[in-house]
Amino acid sequence: MSPLSQFKAVIFDLDGVITDTARYHYLAWKRLAEAQGVHFDEAFNEHLKGIDRMGSLELILASATRSYTDAEKLALATEKNEHYKELIATMTPADLLPGAVEALDAARAAGLKIGLASVSRNAFEVLDRLGITGKFDYVVDAGTIARGKPDPEIFLKAARELGVAPGDCFGVEDAVAGVASIKAAGMYAIGVGDPRVLAQADIVIPDLAAFPLN
């Protein structure tokens, strides 16, 4: 019997779990950072995983040589997002990660409610381009929460909207902040990626092709 058979709902992260928009975020942040004279590489980008847009911007601007007003920060965040949206406009179902559709279908076949907890403000557009919007019972994005991951708010809201107690849910995340958010919500956590990095997760799988319900 699967260790997940006791649960009533599963809540997936989007970026890095179902699709890899990370490269688009990277390109958009890199262009913005370098325009502000801030060196930006893959190592810097790792620190932004699971962090919302304004939080990521603050981390980048902390390395700048000048300070920024709130209005300037908002303008920069908007500029980054517009560039990101141009990049994701090219996405298709071919951009789904291995095992993603199978995992969603397996969860549905197991009778689980399915939620999405994404700190992206473009989650609905990405889902639409991937052709999987209808596979989710409820989607929580950054526009509907006050606090981003690792705060548990996003997973707690998803559970509430799904009508399932947090303890009856498990979450699926690829980022340290995301796993911390799941655990803080009182849920079972499946990490996707490196077990050494996602040590707080209850179990870690390499990708959704290894999803325990598949």
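Rounding to the nearest 20 debye, state how big the charge dipole of the stretch 22-89 is about its Cα centre with +1 on each Lys and Arg Cβ and -1 on each Asp and Glu Cβ. The partial results should precede the final answer.
Details: 9 positive and 11 negative charges, 16 e Å.
Computed about the Cα centre, the dipole is about 80 debye.
Using the C-alpha gyration tensor of the chain, what are the square roots of 5 times its eigenvalues, in whole angstrom, with the largest one first? Let's see the in-between values first.
Values: eigenvalues 180, 61, 50 Å².
Equivalent ellipsoid of the chain: 30, 17, 16 Å, largest first.
Protein chains only, probe 1.4 Å: how do K49, K183 rank by accessible area, largest first?
Values: K49 90, K183 65 Å².
The ordering from most to least exposed comes out as K49, K183.
Among L97, A142, L130, whose Cα sits farthest toward the positive end of the charge dipole of the stretch 86-214 (+1 at Cβ of Lys/Arg, -1 at Cβ of Asp/Glu, about the Cα centre)?
About the Cα centre, the residue reaching furthest to the positive side is A142.
Would you compute, from DSSP H runs of 4+ residues alone, the mean residue ellipticity of the chain at 222 nm, taking -39500 (n - 2.57) per run and dividing by the full residue count, rounded to the nearest 500? Intermediate values should be presented prior to the final figure.
Numbers: 8 runs with 84 residues, N = 214.
About -11500 deg cm²/dmol.
With contacts defined as alpha carbon pairs under 8 Å and 6 or more residues apart, what's the relative contact order of the stretch 100-208 in percent?
Values: 185 pairs, mean separation 20.6, N = 109.
After rounding, I find 19 percent.
State the Cα centre-to-centre distance between the stretch 26-86 and the stretch 127-163 in whole Å.
The stretch 26-86 and the stretch 127-163 have Cα centres separated by 24 Å.
Full extension from D70 to A209: what is 0.36 nm times the residue separation minus their Cα-Cα distance, to one decimal in nm? Please list the in-between numbers first.
Working: separation 139, 0.36 × 139 = 50.04 nm, distance 4.28 nm.
Extra length from D70 to A209 when fully extended: 45.8 nm.
For the stretch 22-89, what does the alpha-carbon gyration tensor say about shape, rounded, prolate or oblate, given a ≥ b ≥ c as the root eigenvalues, a/c under 1.5 as rounded, and a/b over b/c as prolate? Spell out each step's value before the answer.
Details: a/c = 1.59, a/b = 1.20, b/c = 1.32.
Oblate.
In Å², and per residue, what accessible area does the stretch 105-151 have when probed at 1.4 Å with the other protein chains present? Mind showing how you got there, number by number?
Numbers: 2040 Å² over 47 residues.
Using a 1.4 Å probe on heavy atoms only, each residue of the stretch 105-151 averages 43 Å².
Suppose a student asked you for the relative contact order of the stretch 22-89, using Cα pairs under 8 Å spaced at least 6 residues apart; what percent would you report? Display every interim value, and only then the final one.
Numbers: 39 pairs, mean separation 30.0, N = 68.
It rounds to 44 percent for the stretch 22-89.
Give me the percent relative contact order of the chain, please, defined on Cα pairs under 8 angstrom at least 6 residues apart.
Working: 372 pairs, mean separation 57.5, N = 214.
Relative contact order here is 27 percent.
The values are calculated or read from the model by the stated rules, or taken from the named source; none is laboratory data. Worth saying up front: this structure is predicted, and the values here are computed from it rather than measured. Note that we place each Cβ from the backbone using ideal geometry, even for glycine, and neighbour counts take in every protein chain shown. Ligands, DNA and RNA are stripped out before the accessible areas are found, and what is left, the full protein with its side chains, is counted by its heavy atoms. Shrake-Rupley method; radii C 1.70, N 1.55, O 1.52, S 1.80 Å.
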